[in-house]
Amino acid sequence: MPRKARSKDPFAIYHVMCRSISECLLFVCNEDKDYYLLLLKRYLKKYHCSLYAYCLMDNHLHLQIDPKGFDISTFMHSVNTAYVRYYNKKYNRHGHLFQDRFQSRILSTDEYNLAVSAYIHNNPHDIQKYSGHEETYEYSSYGIYLGIMPDRYNLIETRFIRGLFGLRSGRSFRKRYREFVKSRLCNHENEEVQILKPMDIEYEYVSGRSVIIREKPVDDVISYISGRLKVHGPTSLKTKARRQLTDYRAFTAYVLRVLCNLSYKEICKHIINITITSCSRLCSRGFELVNCSDKHLRIFNELAEAA
């Protein structure tokens, strides 16, 4: 029997949950959790997504993630596949680590986003050491919101949740947010129950959240890049790669991946004479160009901001 298709919305924020198979811990030690956070950092930056909350427990994890129009399945597959490679090599094992595919729910309202934020941050409640002091759990973003923990990997975008409270003062927000999260503890075991419970907060939506249009016409994107880089686009993408054109092909591949939501296989139809593996490497090179070259970053931003 086929699996039910995952609910997706290009404008959605998601609550994502991943769990390990029963015989394995997802994170054996803190070093594993740190590695997963570093992977999140890399792919959030690579695919231009935002993270509003996280909590890594020993056998599962929760994320409140805003793909900003990027495909949530592609994002999570990238992160989790890279983590499984690390995990299997480190612990000399092979095979699956995650229990089935990741779970995701679309957060369709501001109330739902607030409730899930509290639900994620209350996860350490069942650990005796942290019960009543959930904000001190090191591998949760709760302490970052309260200003008592550093955001060591610069992962969390707090503006969205803060905007839902409409409080200008950081001190007022931290006090109100702590009260709000604690008020949801009685239902921390079930996010859906939390949604049914009346929200005890008044707020004015001022988050300024933005979404990138990721379904840009491929031919238009290629034409724009080739014009800005002064390269003959179609010929350069469809002939055997020359050294001086490698950066152009890499940058184009990366933009098609991030701003057109193309798979590696689909990109190979536009940049021929490459395998899916080499396409992945090209996209990684394109990502490096955006990070180290002002010219490529400027072109990327122009395309991302285009309607």
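Taking 7 Å steps out from each Cα toward its Cβ at residue 285 and residue 28 produces label points 3.6 nm apart.
If R0 is 22 Å, the Cβ-Cβ spacing of residue 131 and residue 152 corresponds to a FRET efficiency of close to 0.40. Between residue 220 and residue 84, residue separation times 0.36 nm minus the direct Cα-Cα distance comes to 45.3 nm. Per-residue ellipticity at 222 nm computed for the chain from its helices equals -14500 deg cm²/dmol, with DSSP H segments shorter than 4 residues left out and the rest contributing -39,500 (n - 2.57). Computed 3J(HN,Hα) for the range 59-68, one whole-Hz value per residue from the Karplus formula 6.51 cos²θ - 1.76 cosθ + 1.60 where θ = phi - 60°, is 10, 7, 8, 10, 9, 10, 10, 10, x, 6, glycine and proline marked x. Computed from the C-beta positions of residue 265 and residue 91, the FRET efficiency with R₀ = 30 Å rounds to 0.45.
Using the Karplus relation 6.51 cos²θ - 1.76 cosθ + 1.60 with θ = phi - 60°, the per-residue 3J(HN,Hα) values for the range 252-258 come to 4, 4, 4, 5, 5, 5, 8 Hz, with x marking Gly and Pro.
Inter-label distance, residue 9 to residue 305: 2.8 nm, where each label sits 7 Å from its Cα along the C-beta direction. Compared with the dominant Cα axis of the chain, that is its longest principal axis, helix 30-47 is turned about 50°.
The Cα atoms of the range 13-196 define a convex hull whose projected area, averaged across directions, is 10.3 nm². What does the C-alpha gyration tensor say about the overall shape of the range 130-176? Classify as rounded when a/c is under 1.5, otherwise prolate if a/b is larger than b/c, or oblate. It is oblate, given that a/c is not under 1.5 and a/b is not larger than b/c. For the range 4-102, the Kirkwood radius over C-alpha pairs fed into Stokes-Einstein at 25 °C and 0.890 mPa s yields D = 177 µm² per second. Among the listed pairs 46/182; 89/216; 8/230; 68/90; 33/129; 45/269, give every one whose C-alpha distance is greater than 30 Å. Table pairs above 30 Å Cα-Cα are 46/182; 89/216; 8/230; 68/90. Derived scalar couplings between HN and Hα for the range 105-115 equal 9, 6, 9, 8, 9, 5, 4, 5, 4, 5, 5 Hz in order, rounded to whole Hz, by the Karplus curve 6.51 cos²θ - 1.76 cosθ + 1.60 (θ = phi - 60°), x for Gly and Pro. Using a 10 angstrom Cβ neighbour count of at most 13 plus a DSSP loop assignment to flag exposed GluC sites (Glu not before Pro), which longest range of the chain is free of such sites? Looking at the chain, 24-137 is the longest stretch - no exposed GluC sites (Glu not before Pro) with at most 13 other Cβ atoms within 10 Å. A crude spin-label estimate for the pair residue 230 and residue 101, with each label 7 Å from Cα along the Cβ direction, gives 4.7 nm. Computing FRET efficiency as 1/(1 + (r/R0)^6) for residue 183 and residue 138, where r is the C-beta to C-beta distance and R0 is 22 Å, gives about 0.40.
Just so you know, all these numbers are worked out from the coordinates, no wet-lab data involved. Values in this document were obtained by computation on a predicted structure and should not be read as measured data. Here the Cβ is made from the backbone with ideal geometry for all residues, glycine too, and neighbour counts use every protein chain on show.
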